[in-house]
Amino acid sequence: MNRFSLTWDKGIALLLVAVTVLGSFGVPYFGSTDNISFILQDIGEITLIAFAMSYLIIAGEIDLSVASALNLSSATIGVLFKNGVPFGWAVVGGLLTGLACGLINGFLVTVVGLQSLAVTIGTLALYRGLCFALLGNNPVNQMPDDWTSLGYSNIEGTFFPYVTILLVVFGALFWVVLHYTQFGRRVFAIGINPEAAKFSGIPVARTKMVLFALTGLMSGVAGVVYTLRFASASPDGAVGYELAVIAAVLFGGVSIAGGVGTLWGVLASVLVLGVVRSVLQLSDFSANALLIVSGALLLISVVFPRASEMIRAGRKAKSSN
Amino acid sequence: MQKKFARTALALVVVGGLLATATPSTAASTGIKTGLKIAIMPKAVNIGYFTAWNQGAQKACKEIKAKCTYVGPTEATGPAQVQFINKIIQQHYNVLVISAADQNAIVPSLKKARAAGITVVTSDADVADTSARTVAVLPSAANRIGTAEVDWIAKATGGKGSIAVLSAAATAANQNTWIAAMGPYLTSKYPNMKWVGGTVDKSTFYGDDDATKSTAQFDAILAQYPDVAGIISPTTVGVLAAAIEKKAKHASVKVTGLGLPSDMAPYIEDGTVEQVGLWNPIDLGYVAVYAAGLANAKKFTGKVGSSFKAGKKSFKVVKGGIAYLGDPYVFDKSNIATFKKIY
């Protein structure tokens, strides 16, 4: 049977096309090059983390500490730079901090054997607390312009912000690895049934460790992007981003139960969320309306797959009667 | 595909631009162009204080015949504000009046807005980089917030007796600045008044902006210094706790400080507290719109020493590119009924 079946992720991709077309013709300024640049910048950090988070959720785990890890990476950059470290090395320090955050989560989950939900609720608070310990109430600003302009200006001669490069490179990398390598197949196998995966010789703990480390590292990358885009490091930055990331991943068709998901579904999902927000904003919807719409979209994303499953199950039951 | 969208939109932009440029003419009295598209952006919408701020802004907008839109995020963070700053850049607003939710994070976006030809004025809360805006319209100079409170307590006590301070947290930077200004002012201006502990530092108690702790500290002041004549509480939580406890204990000590009219109304109406003060967000919004409109019309540079007129009053720009409204606004029996409904 080679019939086209409308899966959730394809539905999201179609929605993306529909909203973009609608916006371009119906909403003034939506299709402007400036706006395309703004949308890409706006979803940059969330997309970068969502790539890694998709793997983690497909493997049946979760990381709620990503926003705190992002900001701890940013705070590290700020503190190092303030204390005279050249900015390039401060960025390296930020990336390593992200990686360390991920390794700590991975250690607590795979070695100590704790639930990732519980562990990362804890580290969410811990990493945020460290941000305040590092910076106190003194945000770091006055970062070098040649670095920060990477955060808020476009690639010369185009209307794509610099973060597009990271999105394309990491997007391709994460896509190929998830869908075309043995490692990717292991991630799915672990998510579908960790016991069976273990007995078929997959190093479950080590694979999960790698996934947590990767999520931490991508939070670090997002931390660098965030620091440059806002040209500052403050202890209370990126609050709530973890929810935006997880929401985007789930909306992209990754099952919270694990074992199901595609990377391009997630990419389409972050783009849809960014585009919808832009369309609503430019149509002069209030911030309150935006909140309601984004909440409703997410609810649909959780309810719809479950509902269609039930309908399918119902049909099967009927036909077998 | 993308290109096509871009082109269609570009066409729309051009048409929109033509429509926009077709309307403005100049109001003779102020020199401000009429028909300006102005965005009034609070730290977050749904906050009473900013709703009042917007009321003042809208009043000024009406006077200068501008089209003002109140727009902003639901959460008071820099990144959330940046999304809305981007929106107003794309929609080709002429003016942005903003209360900065993050003094650093919105700086790159504000610079982008300025580069796009938008006149940017901060009001209520400024940004760290003064080159990101033309001018900041702020409530009162920090030292005047402190010294004004000394004047209020002197009025309540008849200029006699010893005074204590009930502050927020010991680390609260704003409160510490104001309290530092109170110290020498009281001893030099009011010879018959003194600090209960000798110096202002030794007379300051910390309620940590917590109602229960502030109440306990109020009691501690009365226990330690039974003859205390007045208590200044430069924080809305502290002054409310002090008023409630004063009434409960039938204490004779006078209380004043920085209070929200809606919080303090019952205690001002029944005479527990004579007066409290706070900045008036309505004036703040009103003056900021004039500053922005005049800057947009190139009638005001925002440079230190320059000045502008809002309504009947004139405002001068001081060090740091800031225009202060003046003294904190005082609430007493005569006006509390009006203001308690506002914020």
> Which one of these is among the aromatic types (Phe, Trp, Tyr), in a helix (DSSP H, G or I), within 11 Å of chain B (Cβ to nearest Cβ) and more than 21 Å from A:THR158 (Cα to Cα): A:PHE25, A:PHE51?
Replying inline: A:PHE25
> Do we have B:ASN94 as more than 8 Å from chain A (Cβ to nearest Cβ), farther than 30 Å from A:ALA238 by Cβ, buried (at least 16 other Cβ atoms within 10 Å of the Cβ) and modelled with pLDDT of 95 or more here?
Replying inline: yes
> Which of the residues that make up the stretch B:41-59 are closer than 17 Å to B:THR119 by Cβ and more than 13 Å from every other protein chain (Cβ to nearest Cβ)?
Replying inline: B:ALA57
>> Take the residues in the stretch B:294-342 that are in a loop (DSSP other than H, G, I, E, B) and of a type in the set (Lys, Arg); name whichever of them is nearest to B:GLY146 (Cα to Cα).
In response: B:LYS319
>> Being surrounded by fewer than 24 Cβ atoms within 10 Å (Cβ to Cβ), in a helix (DSSP H, G or I), hydrophobic (A, V, I, L, M, F, W, C) and in contact with a helix residue (DSSP H, G or I) (Cβ under 6 Å, 6 or more places away or on another chain) is the requirement here; does A:LEU16 meet it?
In response: yes
> From the list B:ALA223, B:ALA229, which residue is at pLDDT 95 or above, surrounded by fewer than 18 Cβ atoms within 10 Å (Cβ to Cβ) and among the aliphatic types (A, V, I, L, M)?
Replying inline: B:ALA223
> Pick from the stretch A:127-145 the residues that are part of a helix (DSSP H, G or I) and surrounded by fewer than 17 Cβ atoms within 10 Å (Cβ to Cβ): which of them is nearest to the other protein chains (Cβ to nearest Cβ)?
Replying inline: A:ASP145
> Quick one: is B:GLY31 within 10 Å of chain A (Cβ to nearest Cβ) and part of a loop (DSSP other than H, G, I, E, B)?
Replying inline: no
> Counting residues that are exposed (fewer than 14 other Cβ atoms within 10 Å of the Cβ) and modelled with pLDDT under 90, which helices (runs of 4 or more DSSP H) fully inside the stretch A:229-321 reach at least 1?
Replying inline: A:287-320
>> Please pick out the residue among A:THR123, A:THR158, A:THR148 that is of a type in the set (Ser, Thr, Tyr) and assigned to a loop (DSSP other than H, G, I, E, B).
In response: A:THR158
>> Residue under question is B:ALA251, and the condition is that it be assigned to a loop (DSSP other than H, G, I, E, B) and in contact with an Asp or Glu (Cβ under 9 Å, 6 or more places away or on another chain); does it hold?
In response: yes
> Of all residues in the stretch A:190-244, which are under 19 Å from A:LEU167 (Cβ atoms), of a type in the set (A, V, I, L, M) and within 14 Å of chain B (Cβ to nearest Cβ)?
Replying inline: A:ALA222, A:VAL225, A:LEU228, A:ALA238, A:ALA244
> Taking the stretch B:103-131 as the search range and keeping residues that are closer than 13 Å to B:GLY72 by Cβ and not polar (S, T, N, Q), which one is nearest to the other protein chains (Cβ to nearest Cβ)?
Replying inline: B:ILE106
> Mind checking which residues of the stretch B:100-120 are at negative phi and not in a helix (DSSP H, G or I)?
Replying inline: B:ALA100, B:ALA101, B:ASP102, B:GLN103, B:ASN104, B:ALA105, B:ILE106, B:ALA116, B:ILE118, B:THR119, B:VAL120
>> As an exercise: evaluate B:ASP283 against (1) in a helix (DSSP H, G or I); (2) farther than 17 Å from B:THR34 by Cα; (3) modelled with pLDDT of 95 or more and give the number of the one condition it does not meet.
In response: (3)
> Does A:LEU108 satisfy the criteria of being closer than 30 Å to A:LEU273 by Cβ and aliphatic (A, V, I, L, M)?
Replying inline: no
> Given the residues A:ILE58, A:ILE77, which is the only one that is crowded, with 20+ Cβ neighbours inside 10 Å, of a type in the set (A, V, I, L, M, F, W, C), touching a Ser or Thr at 6+ places or on another chain (Cβ under 9 Å) and away from chain B (no Cβ under 14 Å)?
Replying inline: A:ILE58
>> I need the full set of residues from the stretch A:162-198 which are within 22 Å of A:GLY60 (Cβ to Cβ) and either outside any helix (DSSP H, G or I) or among the charged types (D, E, K, R) (or both), in order please.
In response: A:THR181, A:ARG185, A:ARG186, A:ASN193, A:GLU195, A:LYS198
>> Out of everything in the stretch A:218-235 that is among the polar types (S, T, N, Q) and under 18 Å from the mean Cα position of the chain (by Cα), what residue ends up being nearest to A:ALA67 (Cα to Cα)?
In response: A:SER219
> Across the stretch A:28-48, what is the total count of residues that are farther than 21 Å from A:SER301 by Cβ, in a helix (DSSP H, G or I) and not aliphatic (A, V, I, L, M)?
Replying inline: 7
> For B:LYS59, are the conditions met, namely being more than 20 Å from B:ASP124 (Cβ to Cβ), touching a Phe, Trp or Tyr at 6+ places or on another chain (Cβ under 9 Å) and modelled with pLDDT of 90 or more?
Replying inline: no
>> I'd like to check something: does the stretch A:287-310 contain any residue that is within 24 Å of the chain's Cα centre (by Cα), among the aliphatic types (A, V, I, L, M), within 14 Å of another protein chain (Cβ to nearest Cβ) and closer than 30 Å to A:ARG186 by Cβ?
In response: no
> Does B:GLN83 qualify as being under 19 Å from the mean Cα position of the chain (by Cα) and not charged (D, E, K, R)?
Replying inline: no
> So A:ILE192 fits all but one of (1) out of contact with any Lys or Arg (no Cβ under 6 Å at 6 or more places or on another chain); (2) surrounded by 18 or more Cβ atoms within 10 Å (Cβ to Cβ); (3) in contact (Cβ under 8 Å) with a residue 24 or more places away in the chain; what number is the exception?
Replying inline: (2)
> Which of the residues that make up the stretch A:93-110 are under 13 Å from A:THR227 (Cα atoms) and of a type in the set (A, V, I, L, M, F, W, C)?
Replying inline: A:LEU95
>> Please count how many residues of the stretch B:60-78 are touching a Gly at 6+ places or on another chain (Cβ under 8 Å), under 14 Å from B:ALA105 (Cβ atoms) and more than 7 Å from chain A (Cβ to nearest Cβ).
In response: 1
>> Yes or no: the stretch B:153-166 includes at least one residue that is more than 14 Å from chain A (Cβ to nearest Cβ), under 20 Å from the mean Cα position of the chain (by Cα) and assigned to a strand (DSSP E or B).
In response: no
> Does the stretch A:92-103 contain any residue that is touching a residue at least 24 places away in the same chain (Cβ under 8 Å) and over 30 Å from B:PRO108 (Cβ atoms)?
Replying inline: yes
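The values are calculated or read from the model by the stated rules, or taken from the named source; none is laboratory data. Keep in mind that this is a model prediction, so the values were computed, not measured. Cβ sites come from the backbone with ideal geometry, for glycine too, and all protein chains shown count toward neighbours.
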